[in-house]
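Colleague: First the structure, which I've put down as structure tokens, then a few questions once you've had a look.
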Amino acid sequence: MTCRERRPLSNNMNSLPDIAREIRKNTIRMLVAAQSGHTAGPLGTADFFAQLYFGGLINFDPKKPQWEERDRVILSCGHYCPVFYTTLAMAGYFPVEELITFRKLGSPLQGHVVHQVPFSGTPHRQLPGVENTGGPLGQGMSLSVGMAIAARMDKRKWKVVCISSDGEQEEGQTWEAYMAAAKYHLGNLTFFIDRNEIQISGNIAEIMPLEPFRLKLEAFGLKVKEIDGHNFEEIKKAYEWGQLFPDQPKAIIMRTTPGKGVSFMENKYEWHGKAPTEEEGKRALMELEK
Amino acid sequence: MNYLVENVFEPQMKGTREGFGEAMVELGRRNKSVVALSGDLRESLRMVEFGKAYPERFIEVGVAEQNMAGVGAGLALCGKIPFLCSFAVFSPGRNWDQIRVSVAYTNANVKIIGGHAGISVGQDGATHQALEDIALMRALPNMIVVAPCDAEQAKKATMAMADHVGPVYMRLTRPKTAIFTSPSAHFEIGKAQILREGKEVTLVACGPLVYQALLAADGLQGVIDVEVINMHTIKPLDVETLLKSVKKTGKVVTLEDHQINGGLGSAVAEVLGERLPTKIKRMGMMDRFGESGDSTALLAKYGLDKKGIIKTIKEFK
């Protein structure tokens with residue numbers, strides 16, 4: 001089964017904006033329950049995740065998470081896991097009720113994404129749908145390159161989608177990965193980069209300027225598209241456009257508003273790495289209901 | 001069991017890296033999942049033949065060890081058995097975080113080959129002499145750490161690490177050193193080898209210095225009766241063989257081309273401290289960096305050759 005054949009989640013959630021709103025609400029609920037975690041980036045990319053898993057972009061089967069032909073989704077910016085976990089739960093990988101165990105002892109919903117090859121002594125079960133261990137920035141970029149090379153070696157049709165953040169671009173490893181992706185003509189690899197202009201201690205333009213970002217990516221050999229990360233159609237079209245270039249890796253820069261949907265969180269770097277209080281959570285959910 | 005060649009004191013000479021390179025060609029033929037990654041060091045790590053034989057499975061990532069670790073992890077998660085080849089000062093020296101997260105924590109089936117380890121690399125100087133790699137890798141859960149004593153053992157270790165499912169680090173060396181283990185000698189990860197039996201001192205060594213240990217033990221014949229253990233696997237340490245020997249001798253000397261802190265000596269001291277407190281002397285680099293020089297001259301200067309070992313054991317009361 002692919003997502004293209006998926007039915008809507010329920011009667012009142014048959015459009016991508018509805019699904020994205022529900023993703024945001026569940027994300028807020030899990031962050032409030034955890035009283036810990038990252039808020040701004042996850043809210044800012046809820047539209048993207050809705051499009052990715054419910055808009056027909058990738059092949060996956062939540063009932064068979066190890067299905068060989070699935071596309072591999074790598075969350076390199078591992079701190080975005082609240083929105084990722086929420087999306088995976090809503091897509092059917094595990095019960096939505098489990099989201100409130102996020103960051104709690106024994107939960108498979110670890111503070112940053114974890115994927116382990118099974119061995120005795122793991123303190124929690126593996127979360128289906130998570131393909132990489134991430135958090136220390138840059139690592140998922142290289143891992144994606146390795147997976148894309150493996151797919152190429154074995155002549156597989158599945159693709160690799162790597163989600164990255166603009167702050168992550170400060171890690172040198174990111175650029176090592178781009179060089180290798182271009183060298184090996186990895187047309188089966190797409191980087192979606194959340195360009196929300198903030199990082200944990202301030203605005204990116206002040207901490208470490210990234211512009212001219214697009215030119216840098218192009219200079220490293222990637223096919224680049226800049227889009228509005230809240231426009232479902234643009235996200236879809238950009239990904240489909242990328243498939244026209246089978247010999248080049250793609251980078252899709254998504255301009256987003258961090259904290260999107262909650263007025264007192266939007267564009268505030270202070271919300272990068274903290275969770276809402278119960279009171280803030282209530283206000284956020286009220287705003288999202290509108 | 002006799003692990004040694006017949007004319008042990010008139011040996012053929014070869015670098016442990018040569019044994020690795022030869023084994024990789026054979027391994028590539030036997031197992032189509034084996035993939036080699038090079039950090040611009042294919043010649044130094046003796047990967048040229050593998051690259052020629054299996055170009056589709058040879059990945060040159062350039063001077064980018066952090067990326068190499070991640071690419072390796074990605075390949076491993078898709079069923080490949082990647083061997084990451086670089087100098088130990090760069091991998092694991094420079095990409096420890098990537099190895100920690102993408103390889104060890106992930107428990108990915110990645111094999112890390114750290115070449116040119118120790119002061120024995122010689123002329124390149126201290127920047128290129130990995131003296132902390134065993135410590136770095138030994139601290140990581142899920143990681144196995146192997147340091148073969150000669151080219152013959154490096155071959156067997158290469159084969160064995162491909163068969164083991166999970167992360168493995170293997171330490172290799174540059175200079176031509178004695179091939180003193182026999183082709184028929186059994187090798188098993190985690191199973192130490194008693195190369196010479198003795199009653200008064202247990203000398204535990206790893207890497208090509210094991211040969212210096214044998215020379216020293218022979219030199220002390222009739223003076224001090226030395227038991228020589230080749231602890232080719234530093235993690236998991238063969239505790240059983242170690243304790244059995246130490247119960248007999250009551251004295252331990254460890255020997256490695258590595259800092260005395262965090263390496264083989266530390267591993268041995270930790271086990272003995274908990275299980276069988278024993279007088280111990282750690283030989284290695286004494287919490288200091290090396291320098292440029294000929295490999296033989298360096299080992300002599302820092303007391304890690306036959307002469308230095310004999311002196312240390314004689315003075316060890």
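Colleague: Heavy atoms only, 1.4 Å probe, whole protein assembly: order B:His186, B:His164 by accessible area, highest first. Kindly include the intermediate steps, with their values, before the conclusion.
Modeller: Values: B:His186 100, B:His164 60 Å².
The most accessible residue leads, giving B:His186, B:His164.
Colleague: What does the convex hull of the Cα atoms come to per residue for the stretch A:126-192, in Å³?
Modeller: Numbers: hull volume 5.9 nm³, N = 67.
Given the Cα convex hull of the stretch A:126-192, per-residue volume reads 88 Å³.
Colleague: Of all chymotrypsin sites (Phe, Trp or Tyr not before Pro) in the stretch A:98-188, which ones are in loop regions per DSSP and have a Cβ with at most 12 other Cβ atoms within 10 Å? Write out the running numbers ahead of the final one.
Modeller: Values: sites: A:Phe102, A:Phe119, A:Trp158, A:Trp175, A:Tyr178, A:Tyr184; in loops: A:Phe102, A:Phe119, A:Trp158, A:Tyr184.
Sites meeting the loop and neighbour criteria: A:Phe119.
Colleague: Another question about this same structure. Under the Kirkwood approximation for Rh and a Cα-based Rg, what ratio Rg/Rh is obtained for the protein assembly as shown? All intermediate terms of the calculation are to be shown ahead of the outcome.
Modeller: On the way: Rg = 27.2 Å, Rh = 25.8 Å.
A ratio of 1.05.
Colleague: In whole Hz, what ³J(HN,Hα) sequence does the stretch B:286-299 give by Karplus (6.51, -1.76, 1.60; θ = phi - 60°), x for Gly and Pro?
Modeller: Listing the rounded values in order: 7, 6, 8, 8, x, 6, 6, x, 5, 3, 5, 5, 5, 4 Hz.
Colleague: Among A:Arg195, A:Arg29, A:Arg156, determine the one that fluctuates most according to a GNM of chain A built with springs between C-alpha atoms less than 10 Å apart.
Modeller: Greatest mean-square fluctuation among the candidates belongs to A:Arg156.
Colleague: I would also like to ask the following. Which residues does the label zone of B:Glu56 cover in the stretch A:143-158, counting backbone N under 12 Å from a point 7 Å along Cα→Cβ?
Modeller: Under cut-off, by backbone N: A:152-156.
Colleague: Taking θ as phi - 60°, what are the ³J(HN,Hα) couplings along the stretch A:79-96 by the Karplus curve (6.51, -1.76, 1.60), each to the nearest whole Hz, with x for Gly and Pro?
Modeller: 6, 7, 4, x, 6, 5, 4, 4, 5, 4, 5, 5, 7, x, 6, 7, x, 4
Colleague: Moving to a separate point now. Starting from the Cα gyration tensor of chain B, multiply each eigenvalue by 5, take the square root, and state the resulting semi-axes largest first in whole Å.
Modeller: Working: eigenvalues 196, 74, 69 Å².
Ellipsoid semi-axes (Å, largest first): 31, 19, 19.
Colleague: Let me make sure I get this right: for chain A, a, b and c are the square roots of the gyration tensor eigenvalues over alpha carbons, sorted descending. Under 1.5 in a/c it's rounded, otherwise prolate if a/b > b/c, else oblate. Which is it?
Modeller: Details: a/c = 1.41, a/b = 1.19, b/c = 1.18.
Rounded.
Colleague: Continuing with this model, one more query. Would you please give the residues with an amide H less than 5 Å from that of B:Leu203, counting only those at least 5 places away or on a separate chain, with H modeled from the backbone geometry?
Modeller: Answer set, sorted by chain and number: B:Glu227, B:Val228, B:Ile229, B:Val253.
Colleague: Here's something else I'd like to know. Could you compute the FRET efficiency for B:Lys32 and A:Gln66, with r as their C-beta to C-beta distance and R0 at 22 Å, rounded to 0.05? Numbers along the way, then the final one.
Modeller: Values: r = 21 Å, r/R0 = 0.97.
Using R0 = 22 Å, I get an efficiency of 0.55.
Colleague: With n ≥ 4 as the cut-off for DSSP H runs, can you work out [θ] at 222 nm for chain A, using -39500 (n - 2.57) per run divided by the number of residues, rounded to the nearest 500?
Modeller: On the way: 10 runs with 104 residues, N = 290.
Roughly -10500 deg cm²/dmol at 222 nm, from the helical runs in chain A.
Colleague: Spelling out what I want: for every residue of the stretch A:230-238, take phi, set θ = phi - 60°, compute 6.51 cos²θ - 1.76 cosθ + 1.60 (Karplus), and round to whole Hz; glycine and proline get x.
Modeller: Computed from phi, the couplings for the stretch A:230-238 are 9, 9, 4, 5, 5, 4, 4, 5, 5 Hz.
Colleague: Now for a separate question. Out of every Cα-Cα pair in the stretch A:99-245, what percent are more than 26 Å apart? Show your work: numbers first, answer last.
Modeller: Details: 3627 of 10731 pairs.
It works out to 34 percent of all Cα pairs.
Colleague: Mind listing the Cα extents of the stretch B:44-122 along all three principal axes, in Å, largest one first?
Modeller: Reported extents, whole Å, longest axis first: 37, 31, 17.
Colleague: Using only Cα atoms, what Kirkwood radius does the stretch B:13-177 have, in angstroms? List each step's numbers first, then the result.
Modeller: Details: mean 1/r = 0.0663 Å⁻¹.
Hydrodynamic radius (Kirkwood, Cα only) of the stretch B:13-177 equals 15.1 Å.
Colleague: Using the C-alpha gyration tensor of the stretch A:222-290, what are the square roots of 5 times its eigenvalues, in whole angstrom, with the largest one first?
Modeller: Working: eigenvalues 222, 34, 14 Å².
Semi-axes from the Cα gyration tensor: 33, 13, 8 Å.
Colleague: What full-extension length gain, to one decimal in nm, is calculated for B:Glu49 and B:Lys248 as 0.36 nm per residue of separation minus the Cα-Cα distance?
Modeller: Working: separation 199, 0.36 × 199 = 71.64 nm, distance 4.64 nm.
Residue separation times 0.36 nm, minus the Cα-Cα distance, leaves 67.0 nm.
Colleague: Counting other Cβ atoms within 10 Å, which trypsin sites (Lys or Arg not before Pro) in the stretch B:1-63 have at most 13 and lie in a DSSP loop? Before the final figure, lay out the partial values.
Modeller: Numbers: sites: B:Lys14, B:Arg17, B:Arg29, B:Arg30, B:Lys32, B:Arg42, B:Arg46, B:Lys52, B:Arg57; in loops: B:Lys32, B:Arg42, B:Arg46.
Of the trypsin sites (Lys or Arg not before Pro), the ones in loops of the stretch B:1-63 whose Cβ has at most 13 other Cβ atoms within 10 Å are B:Lys32.
Colleague: Let me ask another. Full-extension gain between A:Glu211 and A:Arg125, please, as 0.36 nm times their residue separation minus the C-alpha to C-alpha distance. Provide the component values of the computation, followed by the final result.
Modeller: Numbers: separation 86, 0.36 × 86 = 30.96 nm, distance 4.11 nm.
The span from A:Glu211 to A:Arg125 would gain 26.8 nm if fully extended.
Colleague: Restricting to chain B, compute how many DSSP beta bridges are antiparallel as a %, nearest 5. Show your work: numbers first, answer last.
Modeller: Details: 9 of 45 bridges.
Antiparallel bridges make up about 20 percent of those DSSP assigns within chain B.
Colleague: Give me, ordered by chain and number, the residues 5 or more places off B:Val34 or on other chains with an amide H under 5 Å from its own placed amide H.
Modeller: B:Ile81
The values are calculated or read from the model by the stated rules, or taken from the named source; none is laboratory data. Only a predicted model underlies this, so the values are computations on that prediction, with no experimental measurement involved. Virtual Cβ from ideal backbone geometry, glycine too; neighbours counted across all protein chains shown. To get the accessible areas, we keep the full protein, side chains included, count just its heavy atoms, and leave off ligands, DNA and RNA. Shrake-Rupley method; radii C 1.70, N 1.55, O 1.52, S 1.80 Å.
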